[in-house]
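Chemist: One structure, pasted below without further comment.
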Amino acid sequence: MTSAGSSSPFPIGEDDLQAYADNRLAADRREAVEQFLRSHPDVAASLERDRGLTEELRERLKFKADEPIPARLRISNIRAGIRSRRVSTLRNAVAAVAILVVGGAGGWTAKDVLTTLPASPARSVRMADDAIAAYRTYVVEVAHPVEVGADEEAHLVQWLSKRLRSDIAAPDLSAFGYRLMGGRLLPGTSGPAAMLMYDSEGGLRLTLYIKTDETEDTAFRFVEEDGVSAFLWRDRSMGYVVSGPVTREELLPIARGIYEQIEPGI
């Protein structure tokens, strides 16, 4: 999700918006976020509502200022829970805790907190599920993890580009300690998808899932399912998901590195 004319090297994401709201952004990144907000008034309005929510909640809970905030009540954790369709039971727990902790402090309820946070589009969740399922299926393969190996990279890229009817590139992840193993063609819900696999000297494997026919651009979204971390984004009718058994902090620079190679100069 980028604004026209932005000089930002990668999309404005939720981390940027939260850091902007908390006045934690560097000057150059702050300018990019402000430009993005000027061209996306709906996001700006939502951010302003979040700021108001934070300030009002802080005012109502002054008496608890010396106590640490429970992890399950942090806005970032609530958002992460809403984004994942696998945490419906966690949503109920958050609602119950919100009612117990802040309900009597001034009329707040769990519904007040949760309805201010946008749920993830079902399309993004489905794309992440497909990518992680493909990762789990092929990352454990020893003899045939890919259909076409890295020694035929030019053929691999040409073949996948032809089948997806879009130009596909194999990003160079050597700066992050990963080398291309190869790739394969996959079935998708709205047409074929591609998967590129990378491995490290230590034996860790990452996959980059690529599909077409996406209808809108998005910022980076993070998903974690049973030890597999994934960042996904949609840009210019293409969808991308990078997945691996690493932490969010380790995967984010890799996702940004991939984005910068796929969309140079953005």
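Nothing in this text is a laboratory measurement; each read-out follows from the coordinates by a stated rule. Quick caveat: nothing in here was measured; it's all calculated off a predicted structure. No Cβ is skipped: glycine too gets one built from the backbone with ideal geometry, and neighbour counts run over all protein chains shown.
Chemist: Rounded, prolate or oblate, given the Cα gyration tensor of segment 122-262, with a/c below 1.5 counting as rounded?
Modeler: Taking the square roots of the gyration eigenvalues as a ≥ b ≥ c, segment 122-262 is rounded.
Chemist: Here is a follow-up. Expected output is a single nm value to one decimal: the length gained when fully extending between S161 and R126, i.e. 0.36 nm times separation in residues minus the C-alpha distance. What is it?
Modeler: Values: separation 35, 0.36 × 35 = 12.60 nm, distance 2.24 nm.
Stretched out fully, the S161 to R126 stretch lengthens by 10.4 nm.
Chemist: Turning to a different aspect of this structure: Loop only per DSSP, at most 16 neighbouring Cβ atoms within 10 Å: give me the trypsin sites (Lys or Arg not before Pro) in segment 132-210, ordered by residue number.
Modeler: Here the sparse-neighbourhood loop sites are R165.
Chemist: Shifting gears a bit: If you stretched the chain out fully between E201 and T189, how much longer would it get, using 0.36 nm times the residue separation minus the C-alpha to C-alpha distance?
Modeler: Contour length minus Cα-Cα distance gives 0.9 nm.
Chemist: Would you please state which residues of segment 172-188 a label at V148 would reach in this model, taking the label point 7 Å out along Cα→Cβ and a backbone N cut-off of under 17 Å?
Modeler: Backbone N within reach: 172, 180-187.
Chemist: Hey, rough spin-label estimate for R38 and A21, points 7 angstrom out along Cα→Cβ, what's it come to in nanometres?
Modeler: So the two model labels end up 2.3 nm from each other.
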